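The values are calculated or read from the model by the stated rules, or taken from the named source; none is laboratory data. Everything numeric in this text was worked out from a predicted model, so none of it was measured. Cβ coordinates were reconstructed from backbone atoms using ideal geometry, including for glycine residues, and neighbour counts include every protein chain displayed. In case anyone asks, the SASA skips ligands and DNA or RNA and just uses the protein heavy atoms, side chains included. Shrake-Rupley method; radii C 1.70, N 1.55, O 1.52, S 1.80 Å.
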Amino acid sequence: MRWLRWLRWTLLVVAGCALIAFGLAWWAMRQSLPRLDGEFSAATLTAGVTIERDARGTPVLTAGTRADLGFALGFAHAQDRFFQMDLSRRFAAGELAEIFGAAALPQDERTRRFGFRAVARRVIEVTPEAERAVIEAYARGVNAGLASLDARPWEYLLLRAQPRPWLPEDSVLVVHSMWWQLQHGSLNDEIDRRRLERVATAGADPAAAHELITFIYAGRSEWDTPNYSAEASCVRADCGEPARVLTQPFPRLLRFVRASGPGAAAEPAAPGSNNWAVAGLHTKSGVALIANDMHLNLAVPGVWYPARLRLTGESPLDITGVTLPGTPTVAAGSNGQIAWGFTNSYGDFADARFAPCVSAGYRTRRERFVVHGADDVEIEYHDLMTGDVEAAVVLDGAEFADDVASGSCVQAAWLATRPEATNFGLLAMEHAHNVDDALALAPRIGIPAQNMVVGDTSGRIAWTLLARVPRTRGPDRFFGPLEFRDVTDFPRLADPPVGRLWTANQRVIDGPLEAAVGDDEVDVGAGGYDVGARARQIRDDLLQLPHPATEADMLAIQLDSRALFISRWRDRALTLLDENAMRDSPVRREFRELISRWKAEASPDSVGYRLVRTFRQGTLDALWHGLTTALLGEATEIRRPAQFEAAGWRLVNEQPASVAPPGGDWRAFLLARIDAAAAELKAECGRLADCTYGREEPVAVRHPLSRAIPLLSRLLDMPTLELAGDHNMPRVQGGTFGASERFAVSPGREASGYLELPGGASGHPLSPFYRSGFDDWARGAPTPFLPGAPAHTLTLRPASSP
């Protein structure tokens, strides 16, 4: 029939057009693949440099000067990760809407409030000449690498946008984006704490209010495991139980109301990490052994870019590790003499207070936002000035409308906005020869405060903070001029008698040394210390090794997903579910049966673990919502701090008669939490027995554009997998959060080390290196720390070279 012929031809034409369009899109994407072999001329180089890539795509960069090496790293970063770098600088500067449109404007408004681009310019202005030369060479390398592509990076084709040249100040903005990721949540917690404190002190005596806030934010549990206690004058591993577990009477103002809060919310997850050091006396090699896995949001491409940097000449350098695209330094790794790694140091690095929303002391600042596909937007901000110091910002935007209506707004003072808090002093770490060199450098390095563990070839180990740490003390110290600590009063711990050091975002040190991270324990607690379960499990794993430590032992500890911390919640649930509780309740009986034969591990196939986990989270959330609602008079979205575990468990365990839980009776309240957990899980899974932990939070490593373009998700995203791990154990994993890298290395023995990453060096989905390393990371198989034999060689030469 004629209409069938027309339909057939129409379908063929449509299919042909689709194939042509697909082919053109594929061709256009391939044009932005980087050149891996051959030569490229660059006028600003002083001599030739090489970029070798192995079979995994990991680059080895070799140059004769540090500036040329910076150029080469910028070139490689731009070839493989320019879009990621662009997002980082735009995020910190509040300029995402320029390419993403109005959808990104709310986030831009939040970050632009802090004026990071102006801060970044001031940082560059005061950067020492030698460091500035490297930063400027790096920027030139980025722009040369971008220009070397035959087409702009593929993401800009999809967004119909043009990439913008890289400036030296943009590298500072990339560091500011890490400030935001690592500390902005702590600033929000500080603001929440101030809200609760303000209400608690209204109509009550200040001492009683302080008792309550301390109970909420500064509780210490038996899991609190600092490395060192000044009270006991010993390394914590030798001291038995930790000092000052919270045992004082319950606060006089403590009360709960039944709140219509959510069910079991997601576990409060804050950026964090694990790292530890083993002294040479306890390693098989006799050299110090450093292990590190930094826990951050997972995405494609990954946070870190692996690289080996080699400098020839009078001051040779050979350093391998992870770099942060957009910056010219190795963040963590080994230079053959020392090895080091980081974890986020939660402390008091911001202050918040309530003050009038309108004041003559505020400076008005107007910011213009370029919005893709729409008109520009202008927003007015207000800053608090202390002399010439821009000390704080006033939070008086639309998201703080209730505060504005009350006439009392939050003033937020954050160390990140001080130009003196950020620098590229980390470049000097490249030439540190021993632990003492690293400790001497630490007070001068300006990054978001990190716990650094470091070890050297002689077998020595040490811990210190890596940051500009204020010496200035007192309440609201960040609202005025700051004086910074130096090598004479900087916190550090070297050569501990036990021969091990461990940090996992917990309270690392105790006593007078702890004052370095804040002189008010409530402030520090509000900053987000981890409860300490990961740290204790790591400590015990290290001390229980039956033989001198090896790199394989370090990986086994990093993959430890045993559910030690949550076991006490299981025991509590089993005690509650006696015959009286289970009478006429088949669901409770099934709940008890499933947790009785649980697998004490956060494994994908564990049902019992998920049931106990949901019970614990629901109980803590109900207590938190009941407490904050009683204080504020209404349901609130104030986030439950990690340190509330100590207060919550004490309430559940002691069940004080003087404090009535939401609902009035402790046994009834806790059984209701079990019922709520069962109902929630049955609604999600159909049957409790089908509610495996792996179904709850499969690990999803996605590209930022894949959700907007679902048809490309299989090309852009890594496979979604059910993997072991959770937040309160060494193997931190779940959803889109987890180990952004795992490594262990002894300086001088890099060939025996490993470095796992959840994706390859390339950010291009058509590159053979795009998924490189993901399978090893997911399976926990060691990927060699050092790059392999060169498979590709690109030579960059000065334009005048023959």
Item to complete: Run the accessible area of segment 118-163 with a 1.4 Å probe and give the carbon-and-sulfur part as a rounded percent.
Response: 49
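Please compute the net charge surrounding GLY788, taking Lys and Arg as +1 and Asp and Glu as -1 over other residues with Cβ under 13 Å from its Cβ.
Once positives and negatives cancel, what remains is 0.
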Discussion item. Show me, bin by bin at 5 Å from 0, the whole-percent P(r) of segment 293-383 based on Cα pairs.
Written reply: 3, 9, 12, 12, 10, 10, 13, 11, 10, 7, 4, 1, 0
Worksheet item: Once the Cα gyration tensor of segment 386-456 is found, what semi-axes does its equivalent ellipsoid get, as square roots of 5 times the eigenvalues, in whole Å, sorted largest first?
Response: 39, 13, 8
Worksheet item: If one takes the longest principal axis of the Cα atoms in the chain, at what angle in degrees, from 0 to 90 and to the nearest 10, does the Cα axis of helix 607-632 lie?
Response: 70
Item to complete: Compute the acute angle (0 to 90°) between the alpha-carbon long axis of helix 116-125 and the principal axis of greatest extent of the alpha-carbon atoms of the chain; round to the nearest 10°.
Response: 60
Worksheet, complete the sentence: Karplus-derived 3J(HN,Hα) from phi for segment 569-574 (6.51 cos²θ - 1.76 cosθ + 1.60, θ = phi - 60°), whole Hz, x at Gly and Pro, runs 6, 5, 4, 5, 5, 5
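Using a probe of 1.4 angstrom, how much of the accessible area of segment 317-422 is carbon and sulfur, in percent?
50
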Item to complete: Starting from the Cα of LYS682, step 7 Å along the direction of its Cβ; do the same at ARG702; then give the gap between the two resulting points in nm.
Response: 3.1
Practice prompt. At 1.4 Å probe size, with every protein chain present, just tell me what the per residue accessible area of segment 444-586 comes to in Å².
Written response: 33
Response to the item:
In degrees rounded to 10, the 0-90 angle between helix 129-148 Cα long axis and the longest Cα principal axis of the chain is 70
Worksheet item: Which value, to two decimals, describes the C-alpha radius of gyration of segment 704-753 once divided by 2.2 N^0.38 Å?
Response: 1.65
Worksheet, complete the sentence: By the mean-Cβ-within-10 Å protection proxy, highest first, 336-342, 360-366, 597-603, 752-758 rank as 336-342, 752-758, 597-603, 360-366
Worksheet, complete the sentence: For segment 645-787, Rg(Cα) over 2.2 N^0.38 Å is 1.50
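Find how much the distance from LEU632 to ARG164 grows on full extension, using 0.36 nm per residue of separation minus their present alpha carbon separation; answer in nm with one decimal.
Contour length minus the Cα-Cα distance gives 163.8 nm.
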Discussion item. What would the Debye equation give as log₁₀ I(q)/I(0) for the chain at q = 0.05, 0.09 Å⁻¹, counting only Cα atoms as equal point scatterers?
Written reply: -0.27, -0.90
Item to complete: Counting residues in segment 551-636 as N, plug N into 2.2 N^0.38 Å and put the Cα Rg over that result.
Response: 1.41
Worksheet item: Using a 1.4 Å probe, what is the accessible area per residue for segment 272-312, in Å²?
Response: 25
Item to complete: Please list 389-396, 249-256, 304-311 highest first by mean number of surrounding beta-carbon atoms within 10 Å per residue.
Response: 304-311, 389-396, 249-256
Worksheet item: Which value, in Å², gives the accessible area per residue of segment 22-109 when a 1.4 Å probe is used on the protein heavy atoms?
Response: 33
Item to complete: Quote the convex hull volume per residue of segment 370-529, based on C-alpha atoms, as a whole number of Å³.
Response: 183
Worksheet, complete the sentence: In whole Å, largest first, the alpha carbons of segment 104-151 cover along the principal axes 36, 34, 8
Discussion item. To check you understand DSSP bridge types, tell me what percent of the beta bridges within the chain (both residues inside) are antiparallel, rounded to 5.
Written reply: 90
Worksheet item: In segment 574-715, how does Rg compare with the Kirkwood Rh, expressed as the Rg/Rh ratio over alpha carbon atoms?
Response: 1.05
Practice prompt. Provide the per-residue ³J(HN,Hα) series for segment 639-653, in order, calculated from phi with Karplus coefficients 6.51, -1.76, 1.60 and θ = phi - 60°, each as a whole number of Hz, with x at glycine and proline positions.
Written response: 6, 6, x, 4, 5, 5, 3, 4, 5, x, 5, 4, 4, 5, 7
Discussion item. Let's see if you can work this out: charge +1 on each Lys and Arg Cβ, -1 on each Asp and Glu Cβ, no other charges. What is the dipole magnitude of segment 37-159 about its Cα centre, in debye to the nearest 20?
Written reply: 520
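Using a 1.4 Å probe on the protein heavy atoms, what percent of the accessible area of segment 613-756 belongs to carbon and sulfur?
Carbon and sulfur atoms account for 49 percent of the accessible area of segment 613-756.
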Fill in: For segment 408-415, 3J(HN,Hα) per residue [Karplus equation, 6.51 cos²θ - 1.76 cosθ + 1.60, θ = phi - 60°, Hz, x = Gly/Pro]
10, 10, 7, 9, 10, 10, 10, 4
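Around ARG589, under 15 Å between beta carbons, what's the net of Lys plus Arg minus Asp minus Glu among the other residues?
0
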Item to complete: First measure r as the distance between the Cβ atoms of ASP486 and ILE709, then evaluate 1/(1 + (r/R0)^6) with R0 = 51 Å and state the FRET efficiency to the nearest 0.05.
Response: 0.50
Worksheet item: Lys/Arg Cβ at +1, Asp/Glu Cβ at -1, dipole of the chain taken about the Cα centre: which of ASN653, GLY272, SER772 is farthest positive-ward?
Response: SER772
Worksheet entry | Protection-proxy order for peptides 711-718, 56-63, each taking the mean of Cβ atoms within 10 Å per residue, highest first | 56-63, 711-718
